[in-house]
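See structure below.
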Amino acid sequence: MPARPARLSILADLDGTLLPRPYGTPPVHPPLSDGPCLAPLVRLLKLGATVIGITGSRLATHQERFVESIPLELRSNVMLAVETGRVLYRAAPDGTLEQDTSLDDALLAQGDCTPQPGHAARPSV
């Protein structure tokens, strides 16, 4: 059996880990491009890695700070888990984010979870 090529996925907290820490009063929330992590992430994305940023914040905050700092042609390998990982978004081919409901769908089909807000429950098959 031929060996499958390795696939690298990186899951990382955003606030103060991949993204620079907020500073000042009122707080300034710098984007990924203002910190040291953008260039290494771009190199990994070019090699086919998937990067999943996780935050307790809402989508709007980190869509701008994280996703929009990544070059458009590489965003298809980027995901953003917001609200402490409760809601997952994937980048569409045009770079916009779309909610990924595939895990909810699979768990709902087994009757193992309550759907997230905005995601209709489906009967078990």
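Examine the range 6-27 for a residue that is exposed (fewer than 15 other Cβ atoms within 10 Å of the Cβ), among the basic types (Lys, Arg) and either out of contact with any Asp or Glu (no Cβ under 6 Å at 6 or more places or on another chain) or not in a loop (DSSP other than H, G, I, E, B) (or both), and state whether such a residue exists. The answer is yes; a qualifying residue exists.
Can you tell me which residues in the range 18-44 are of a type in the set (S, T, N, Q) and in contact (Cβ under 8 Å) with a residue 12 or more places away in the chain?
Our first condition is that a residue be of a type in the set (S, T, N, Q); within the range 18-44, this holds for 25, 33.
The one that is of a type in the set (S, T, N, Q) and in contact (Cβ under 8 Å) with a residue 12 or more places away in the chain: Ser33.
If you take the residues of the range 104-122 that are assigned to a loop (DSSP other than H, G, I, E, B) and among the charged types (D, E, K, R), which of them is modelled with the highest pLDDT? Taking the candidates together, the pick is Asp112. Within the range 45-68, residues that are part of a helix (DSSP H, G or I) sit with their Cβ atoms under 9 Å from residues that are among the aromatic types (Phe, Trp, Tyr), at 6+ positions apart or across chains, in these pairs: Leu59/Tyr89; Gln63/Tyr89; Val67/Tyr89. Restricting to the range 44-103, and then to whatever is surrounded by fewer than 15 Cβ atoms within 10 Å (Cβ to Cβ) and basic (Lys, Arg), can you tell me which residue is modelled with the lowest pLDDT? It comes out as Arg86.
The values are calculated or read from the model by the stated rules, or taken from the named source; none is laboratory data. Only a predicted model underlies this, so the values are computations on that prediction, with no experimental measurement involved. Please note: Cβ atoms are built from the backbone with ideal geometry, for glycine as well, and neighbour counts cover all protein chains shown.
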